[in-house]
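Read the structure below first, then the notes.
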Amino acid sequence: MTHDHDLVLRPTAAQTEAALNPPPGRNGGDLVVETLAGLGATTVFGLPGQHALGMFDALRRSDLRYIGLRVENNAGFAADAYGRITGEAAPLLLSTGPGALTSLAALQEARAASAPVLAISSQIPTAGLGGGRHGYLHELPDQAASFRGVVKSVHTVRTQSQIPSAIAEAWTSALTVPHGPVWVEIPQDVLLAETAVPVVTGGDTFPEELPPRPELTAVAADLLSRAERPAIIAGGGVVRADASKKLRQLAERLQAPVVTTFGGKGAFPWTHPLSLQSWLEDRHTTDFLEDADVLLVVGSGLGELSSNYHTFQPRGRVIQIEADLGKLESNHPALGIHADARLALQALLETVGERTDPAAPERVRAVLDKVRERIASQELTLEQDVLAAVRRALPPGAPSFWDMTILAYWAWSAFDAEAPNAMHSAQGAGGLGYGFPAALGAAVADPTHPVLAVSGDGGALYSIAELATARQYDLNVTWLIVDDGGYGILREYMTDAFGQPTATELTRPDYVALAESFGVPGVRTSPKTLEADLAKALAAPGPSVVVLPAVLRMFAPTHLD
């Protein structure tokens with residue numbers, strides 16, 4: 001049997017001519033950009049540095065669009081969002097040592113969220129590799145070792161002939177489920193030296209599919225068909241696999257209530273009669289899921305946030321579909337199915353029986369009513385009004401990117417994403433500074449919609465330099481900064497735990513004046529005028545900043561009871 005990827009692709013006449021007569025003046029950096037273009041890349045993110053200049057010089061001889069940010073970590077966040085929105089591997093060009101290391105937090109978030117990022121870094125000259133202390137600028141004894149525990153795979157290049165294959169291999173790794181960031185490093189002298197390697201004209205790669213084992217889906221289908229109280233937890237794997245429609249079909253066939261994790265926002269319609277929405281940080285939801293006799297978990301590892309801080313203890317049979325082998329049964333015993341969510345859900349749809357359960361929507365409404373009663377008893381009208389104003393101001397189809405801030409914590413549970421792959425946050429790794437640079441990457445990926453970024457004033461200071469990036473490329477991003485004078489959630493945590501906060505209060509700038517100094521329009525709003533001001537900013541082309549001075553509170557947790 002012959003497979004498409006077994007066929008030898010014969011070069012065209014133009015490819016043969018290019019190979020036999022490469023243009024003069026090419027170096028190793030040209031091999032990098034040629035390979036990326038051959039693989040289908042159109043846009044690269046990054047920041048130049050001394051050892052990486054060969055790559056950046058080659059960009060001017062290519063058709064690749066370069067988006068330069070001001071901090072490597074922010075460039076990584078932008079590439080992460082570009083990968084989430086497009087499903088493509090987002091190239092991230094970095095320099096050696098400090099530049100490379102500054103991207104680590106962004107790559108950790110990309111790994112946690114399964115975002116495909118292809119990071120390509122320079123290295124010290126080849127003569128310095130091997131762990132000796134030669135005293136090169138930016139030298140590390142083993143730069144790759146700093147990334148092995150963060151990315152999916154590491155690829156070290158030592159000669160120019162290795163560049164196309166190493167990048168293609170890394171590209172395949174990034175796009176093989178579970179998606180994730182990968183690392184390629186190339187020595188400075190390899191990038192700068194003139195090359196005799198022919199022009200790279202092709203680069204087809206074939207990321208491997210991950211189908212489920214049929215004997216496992218057969219058992220899962222039987223369990224679900226015979227269940228009396230089935231329920232479903234839908235995680236980020238459903239969104240990444242573009243499997244939301246299949247999830248809805250299965251839930252309706254089984255009459256199984258569905259709750260989405262914070263990473264799976266939008267995987268199931270918010271107002272559907274079977275939707276438990278995203279109230280995972282609520283004991284009423286936890287109790288309901290614990291009572292399920294068969295619980296289907298799709299694309300989630302049931303980690304800390306998805307398990308109400310590990311208080312969730314299922315009493316029924318658990319079926320877990322997960323593409324990341326390390327997450328399979330890592331927290332709860334289950335019928336573990338190592339597979340892509342889309343392929344596994346399709347297999348279940350082909351074999352599962354149809355259930356009738358007219359009481360299922362009523363049980364869902366009862367849980368949501370209890371949740372609403374609990375929140376209503378805490379006098380949190382301001383917080384709910386602010387979140388509702390944001391939702392009304394955000395146009396249909398417009399994506400939003402949320403930093404680690406109190407309003408984002410509210411949004412995880414209470415915000416209707418309205419569509420799959422429309423709401424993103426840094427809850428995978430939990431680092432500050434994600435929202436604004438990620439929104440810039442999303443605006444590059446799809447300029448047809450405005451993009452909303454939401455930060456607190458503490459997180460905003462991590463990303464403030466990227467106002468220059470937003471202005472330089474005229475990116476259609478509105479940045480909502482909720483200014484509460486410090487690290488608001490940490491203030492709450494410390495007050496609850498110790499009676500008073502320490503190291504949480506911040507001196508901060510006038511964000512409106514600061515934005516305007518970058519040539520970015522800014523407006524100071526209030527809870528009453530937020531909807532109108534935010535809608536106006538989102539409707540205007542180019543970047544803008546909306547500052548909301550407000551001290552928001554978090555709803556009381558239930559995992560401590």
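The values are calculated or read from the model by the stated rules, or taken from the named source; none is laboratory data. Please read these numbers as outputs of a predicted model, since none were measured by experiment. Every residue, glycine among them, receives a Cβ derived from its backbone with ideal geometry; neighbour counts consider all protein chains shown. Heavy atoms of the whole protein, side chains included, go into the accessibility calculation; ligands, DNA and RNA do not. Shrake-Rupley method; radii C 1.70, N 1.55, O 1.52, S 1.80 Å.
For this structure, a couple of remarks:
- The shape of the range 265-306 comes out rounded: with a ≥ b ≥ c from the C-alpha gyration tensor, a/c is under 1.5.
- Net charge of neighbours whose Cβ lies under 15 Å from the Cβ of TRP402, counting Lys and Arg as +1 and Asp and Glu as -1: -4
- Label-to-label distance, GLU373 versus ASP142, with points set 7 angstrom from Cα along the beta-carbon direction: 5.9 nm.
- Think of the range 421-561 as a dipole: +1 on every Lys or Arg Cβ, -1 on every Asp or Glu Cβ, centred on the Cα centre; then among ALA540, LEU560, ALA426, ALA540 lies furthest on the positive end.
- Charge dipole of the range 185-289 (Cα centre as origin; +1 on each Lys and Arg Cβ, -1 on each Asp and Glu Cβ, all else neutral): 760 debye, rounded to the nearest 20.
- Accessible area of THR529 (1.4 Å probe, protein heavy atoms only, ligands and nucleic acids ignored): about 60 Å².
- Solvent-accessible area of the range 112-191 (1.4 angstrom probe, protein heavy atoms only): carbon and sulfur portion equals 52 percent.
- Of the trypsin sites (Lys or Arg not before Pro) found in the range 270-363, the ones in coil according to DSSP and having at most 12 other Cβ atoms within 10 Å of their Cβ are ARG315.
- Sparse-neighbourhood loop sites, trypsin sites (Lys or Arg not before Pro) in the range 70-140 - DSSP loop, at most 11 other Cβ within 10 angstrom: ARG133
- Folded to 0 to 90 degrees: helix 104-113 orientation relative to the chain principal axis, Cα: 50 degrees
- Charge dipole (the range 30-75, unit charges on Cβ, about Cα centre) - positive-most of LEU31, LEU59, ASN74: ASN74
- At R0 = 30 Å, FRET efficiency that the Cβ-Cβ distance of ARG391 and MET494 yields, to 0.05: 0.50
- For the range 185-231 versus the range 335-399, the gap between their alpha-carbon centres in whole angstrom: 29 Å
- Accessible area per residue in Å² at 1.4 Å probe, computed on the chain: 40 Å²
- Shape class for the range 363-435, computed from the alpha carbon gyration tensor (a ≥ b ≥ c): prolate, with a/c not under 1.5 and a/b above b/c.
- Rounded tilt (10° steps) of 360-376 against the dominant C-alpha axis of the chain: 90 degrees
- Taking Lys and Arg as +1 and Asp and Glu as -1, the other residues whose beta-carbon sits under 12 Å from that of ALA79 total -3.
- Summed residue charge, Cβ within 13 Å of ALA52's Cβ, Lys/Arg positive, Asp/Glu negative: -4
- Shape of the chain, Cα gyration tensor, a/c cut at 1.5: oblate
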